[in-house]
1. Are any of the residues in the range 42-52 in a helix (DSSP H, G or I), crowded, with 23+ Cβ neighbours inside 10 Å, away from ligand 2 (no atom under 16 Å from the Cβ) and modelled with pLDDT of 95 or more?
2. Considering only the range 243-266, I want to know if a residue exists there that is closer than 24 Å to residue 64 by Cα, within 16 Å of ligand 2 (Cβ to nearest atom), assigned to a strand (DSSP E or B) and over 15 Å from the mean Cα position of the chain (by Cα).
3. Can you tell which of 93, 18, 74 is away from ligand 1 (no atom under 16 Å from the Cβ) and either under 30 Å from residue 298 (Cβ atoms) or surrounded by 18 or more Cβ atoms within 10 Å (Cβ to Cβ) (or both)?
4. Considering only residues that are in a helix (DSSP H, G or I) and within 16 Å of ligand 2 (Cβ to nearest atom), which ones fall in the range 64-103?
5. Could you please find all residues in the range 259-284 being closer than 23 Å to residue 17 by Cβ and out of contact with any helix residue (DSSP H, G or I) (no Cβ under 7 Å at 6 or more places or on another chain)?
6. Picking from 283, 295, which residue would you name as being surrounded by fewer than 19 Cβ atoms within 10 Å (Cβ to Cβ) and over 20 Å from the mean Cα position of the chain (by Cα)?
7. Evaluate the range 140-154: report whether one residue or more is modelled with pLDDT of 95 or more, within 16 Å of ligand 2 (Cβ to nearest atom) and assigned to a loop (DSSP other than H, G, I, E, B).
8. For the range 188-211, how many residues meet the condition of being away from ligand 1 (no atom under 16 Å from the Cβ), touching a helix residue (DSSP H, G or I) at 6+ places or on another chain (Cβ under 7 Å) and not in a strand (DSSP E or B)?
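The values are calculated or read from the model by the stated rules, or taken from the named source; none is laboratory data. As the structure is a computational prediction, the values presented were derived from the model and not from experiment. Counting neighbours? That spans all protein chains shown, and the Cβs are built from the backbone with ideal geometry, glycine included.
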Ligand SMILES: [Fe+2]
Ligand SMILES: [Fe+2]
């Protein structure tokens, strides 16, 4: 890639689903959490392993990314102790100026009373000094700048009834996102959107997908973006989406903590983006476990141009 000095490297980790689940007190009990806890014990607890995540993080560190993006599902059933544990993990990952997070449906899971919930992570999910000139003053979307790359944090997570994992961006946030993307585009910045749920309709089923995916698709098409990264599906995903002046890449990563293949979900992986904003291009490197409980190796490398057809 040309002019390496302008290149910004961003590592993307998602769906780490940290365990164990502590602090499941009676006051947080409800059907949603009861079902979620049983599901976690039965099908998830042995799959998401801290030891695997630690190896993924060590490998990522060795690649010295400029910035780390985490797209939600740090927790499992949205308990205060899980949020506190996730904050400790984020602090171990890096300082708030180097790490950005957006919440997932397992973080904003069910009612939590007056507890601070994911607001414990506020330092990792608010605009920085440079980005705040582009945001709208609300919690989401927030904006952070890493060189000529603007990270735009969107919250797609809302409490949901039992067995459902859908998301919603909401009309207010959609309007603000439209405005923020336009302003960042006018400023010539490379727009990297972070969201937990896949942003296009058809990338997740009705029970798990964004309820307002069509509206988000329309905002992205009108206002434009260069790259959208997401989690939620625990799979490697790649889609294109057209906008007024080109196309954007929509890329989902598998869980970064999964020890073994789980149905269609592969073992742990993370992605590194080496973004050249001036060239409107990036190199995508996927690294992770090629086999159950395996070593962390390079799984994929490709150069993606947003200008070419
Ligand atoms: Fe997840
Ligand atoms: Fe999720």
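1. Yes, there is a match, as at least one residue in the range 42-52 is in a helix (DSSP H, G or I), crowded, with 23+ Cβ neighbours inside 10 Å, away from ligand 2 (no atom under 16 Å from the Cβ) and modelled with pLDDT of 95 or more.
2. Looking through the range 243-266, at least one residue is closer than 24 Å to residue 64 by Cα, within 16 Å of ligand 2 (Cβ to nearest atom), assigned to a strand (DSSP E or B) and over 15 Å from the mean Cα position of the chain (by Cα).
3. On the way: 18 fails: away from ligand 1 (no atom under 16 Å from the Cβ); 74 fails: away from ligand 1 (no atom under 16 Å from the Cβ).
Answer to the check: 93.
4. Result: 82, 83, 86.
5. 260, 261, 262, 263, 264, 265, 266, 267, 269, 271, 272, 273
6. Working: 283 fails: over 20 Å from the mean Cα position of the chain (by Cα).
Going through 283, 295 in turn, the sole match is 295.
7. yes
8. Counting residues in the range 188-211 that are away from ligand 1 (no atom under 16 Å from the Cβ), touching a helix residue (DSSP H, G or I) at 6+ places or on another chain (Cβ under 7 Å) and not in a strand (DSSP E or B) gives 2.
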